[in-house]
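Novice: Sharing a structure with you now.
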Amino acid sequence: MERIAFFGLGAMGEGVAANLLRAGYTVNITVHRSREATDRLAALGATLHQSKSDAAKTSDIVFLCLPNSNVVEETINEIWHELDERYLVVDTGTSSVRQSLQLAERLGSRGIQFAEAPLAGGKVQAAAGELGAFVGCSNQTFERVEPLLKNFCASVQHFGPVGSGSSAKLISNYLVLGMVRLITETFHAADSLEVDWAKFYEIIRQGSSNSMALERMIGSILKDDDYGGYVFTVRNALKDSSYIAELGESISQAVLGDAALKLFAEANELGFGDLQVSELLRREVRLQLSELSSEKNSSC
């Protein structure tokens with residue numbers, strides 16, 4: 001059974017790594033900023049290394065579950081001298097299509113297999129092994145990576161060569177983040193017009209407006225006064241929106257993602273990057289966003 005170096009033990013990564021351990025794989029890890037995650041995985045049998053290079057050199061496969069394409073590149077740089085043609089690198093994060101293609105070319109120059117496999121789902125689905133994977137790689141690489149992904153995914157779909165998996169995931173996130181923006185703006189308007197949220201929510205969820213995003217964002221607030229029900233940070237939403245906009249430019253649809261990008265960029269500018277996107281529904285956040293937007297419009 002192949003050995004795995006796993007980098008990125010955040011909300012998603014810990015669950016993915018845990019499922020690989022339960023499937024019997026040797027999983028090599030390094031100390032994460034969340035020491036608790038490291039300790040939990042070590043208790044399941046993960047081998048702890050002092051450096052990424054040490055973890056990589058005792059592995060055959062490198063799994064990356066990292067925040068963005070720049071961190072992916074930095075990690076590959078750290079382990080570059082350990083990699084050779086026997087390795088497979090799997091990027092499970094939502095990455096820039098342009099940078100994924102560049103990474104595939106770089107790894108390919110050394111005969112290293114590469115698969116992009118951005119994941120659909122969240123922390124709960126990762127722990128339960130019920131994620132979805134948008135895979136982009138060669139047919140040969142897919143034969144190697146598919147059995148690995150099935151240990152933590154309910155659905156594994158091969159979209160074609162590198163670039164196709166990231167494109168599909170970004171288009172998926174375009175839909176989701178667009179819904180997040182619309183729900184945020186709709187309920188900001190409802191608040192301004194003194195429309196009762198509970199009554200409004202109860203009616204619209206009976207029709208075509210109903211969605212998992214609506215339930216996570218509004219249902220959690222009304223049920224438990226929990227504004228963090230949609231677990232996805234503003235900073236990550238901004239990153240994905242920028243990748244979506246970049247993708248849109250490549251297919252002459254430059255407006256792709258622009259509205260969501262504006263919302264998340266302004267929220268990040270106000271210092272809300274670490275908030276969950278559903279926390280943009282807080283009244284005090286709405287007021288600050290409204291003030292910033294008014295200031296920008298008046299200066300145009």
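Novice: Can you tell me which residue within region 267-300, out of those that are surrounded by 10 or more Cβ atoms within 10 Å (Cβ to Cβ) and among the small types (Gly, Ala, Ser), is farthest from ALA237 (Cα to Cα)?
Specialist: Ranking the candidates gives SER294 first.
Novice: Next up: Looking at region 161-270, what helices (runs of 4 or more DSSP H) fall wholly within it and have at least 2 residues that are touching a residue at least 40 places away in the same chain (Cβ under 8 Å)?
Specialist: Result: 164-192, 220-224, 234-250, 258-269.
Novice: Does ALA154 satisfy the condition of being at pLDDT 95 or above, closer than 30 Å to ALA5 by Cβ, surrounded by fewer than 15 Cβ atoms within 10 Å (Cβ to Cβ) and of a type outside the set (Phe, Trp, Tyr)?
Specialist: It is true that ALA154 is at pLDDT 95 or above, closer than 30 Å to ALA5 by Cβ, surrounded by fewer than 15 Cβ atoms within 10 Å (Cβ to Cβ) and of a type outside the set (Phe, Trp, Tyr).
Novice: If you don't mind, another one. Could you please find all residues in region 175-199 being crowded, with 16+ Cβ neighbours inside 10 Å and among the aromatic types (Phe, Trp, Tyr)?
Specialist: If the condition is that a residue be crowded, with 16+ Cβ neighbours inside 10 Å and among the aromatic types (Phe, Trp, Tyr), then PHE187 is the only one that fits.
Novice: Ok, one more. Let me spell it out: the conditions are (1) within 19 Å of ALA127 (Cα to Cα); (2) loosely packed, with under 15 Cβ neighbours inside 10 Å; (3) not charged (D, E, K, R), and ASN77 meets all of them except one. Which number is the exception?
Specialist: (1)
Novice: While we're looking at this one, here's another question. Test each condition in (1) surrounded by 15 or more Cβ atoms within 10 Å (Cβ to Cβ); (2) of a type in the set (S, T, N, Q); (3) under 22 Å from ILE79 (Cα atoms) for ASN19 and report the one that comes out false.
Specialist: Of everything listed in (1) surrounded by 15 or more Cβ atoms within 10 Å (Cβ to Cβ); (2) of a type in the set (S, T, N, Q); (3) under 22 Å from ILE79 (Cα atoms), ASN19 misses just condition (3).
Novice: Six or more apart or on different chains, Cβ atoms under 6 Å: show the pairs whose first residue is in region 29-52 and surrounded by 15 or more Cβ atoms within 10 Å (Cβ to Cβ) and whose second is of a type in the set (D, E, K, R).
Specialist: THR30/LYS52; ALA37/GLU14; LYS52/GLU78
Novice: Here's another thing I want to ask about it. Checking the condition under 24 Å from ASP240 (Cβ atoms), of a type outside the set (Ser, Thr, Tyr), touching a residue at least 12 places away in the same chain (Cβ under 8 Å) and surrounded by 20 or more Cβ atoms within 10 Å (Cβ to Cβ), which residue from LEU131, LEU101 passes?
Specialist: Exactly one residue qualifies, and that residue is LEU131.
The values are calculated or read from the model by the stated rules, or taken from the named source; none is laboratory data. Quick caveat, the model's predicted, so the values are computed rather than measured. Note: ideal-geometry Cβ built from the backbone for every residue, glycine included; neighbour counts use all protein chains shown.
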